[in-house]
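Beneath this line is the structure, given in structure tokens, with notes to follow.
The values are calculated or read from the model by the stated rules, or taken from the named source; none is laboratory data. Predicted, not measured: the structure shown is a model, and the values here were computed from it. Positions of Cβ are backbone-derived with ideal geometry, glycine not excepted, and every protein chain shown enters the neighbour counts. For accessibility, only protein heavy atoms count, side chains too; no ligands or nucleic acids. Shrake-Rupley method; radii C 1.70, N 1.55, O 1.52, S 1.80 Å.
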Amino acid sequence: ANLNPFTLGGEPWRIISSMFLHFGIIHLLVNMFALYSLGKPLESYLGPFRFLLLYFICGIAGGLSSLLFNLYTISAGASGAIFGLYGYRLGAEFISNFNDRDRLLSVVINFVIFVVLNALITSQFNVDLSGHLGGCITGLLVALLHHRFHLLTSGFSLAGAMVVLFASVLLAPKDQLYY
């Protein structure tokens with residue numbers, strides 16, 4: 001799992017492995033339902049390779065956000081990446097289909113259902129909200145760069161962004177290693 005002292009203390013792979021670990025079957029099922037309902041249309045739009053890169057970019061950004069704001073909290077799960085995918089979809093839909101209110105309403109309703117389900121689960125468990133927000137904001141930024149400024153449109157540029165984002169783990173402050 002992702003934990004500041006370990007991830008920054010020489011085990012940077014934790015930021016990626018934590019995206020595939022979950023704290024129980026309910027946590028896993030909610031994330032898989034969200035990934036399935038959002039992932040099918042988004043993957044057909046982006047293509048499998050760019051979809052996978054977007055997932056990793058948002059997941060890594062969510063993990064970095066968790067490292068910065070939750071110094072001694074263990075985090076795991078696909079939620080940061082999934083919130084990033086939702087952020088990307090929301091941003092892309094708002095930019096591309098601003099005048100199509102029915103389509104925007106459908107995306108917003110789907111996102112609200114996901115947030116409500118997550119809120120219900122967060123009342124039962126300790127949830128890393130900074131990871132969710134970090135992933136969502138990253139997804140919105142990638143959508144903005146992609147749809148508004150036509151940047152990060154190729155798989156190669158997304159892969160480069162993912163590598164740079166992951167490498168930033170090595171540059172993060174390491175003053176929290178001992179607790």
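Some observations on this one:
- The calculated FRET efficiency for Leu120 paired with Ser44, based on their beta-carbon distance and R0 = 35 Å, is about 0.75.
- Rounded accessible area of Tyr45 (nearest 10 Å², 1.4 Å probe): 120
- Selection from Leu151, Ala81, Gly131 lying farthest towards where the dipole of the range 81-158 points positive, charges on Cβ: Leu151
- With the whole protein complex present, Ile26 retains an accessible surface near 90 Å², based on a 1.4 Å probe.
- Rounded tilt (10° steps) of 101-124 against the dominant C-alpha axis of the chain: 30
- Nearest 10 degrees, 0 to 90: helix 48-69 Cα axis against the chain principal axis: 50
- Å³ per residue enclosed by the Cα convex hull of the range 1-88: 80
- For the range 41-122, diffusion coefficient by Stokes-Einstein and Kirkwood Rh (Cα), 4 °C, 1.567 mPa s, µm²/s: 93
- Rg [Å, one decimal], Dmax [Å, integer] - the chain, C-alpha atoms: 15.9, 52
- Whole-percent carbon and sulfur share, accessible surface of the chain, 1.4 Å: 71
- Listed residues Ala92, Ala78, Ala61, most fluctuating in the chain (Gaussian network, C-alpha, under 10 Å): Ala92
- Over the chain, accessible surface divided per residue gives 53 Å², non-protein components excluded, 1.4 Å probe.
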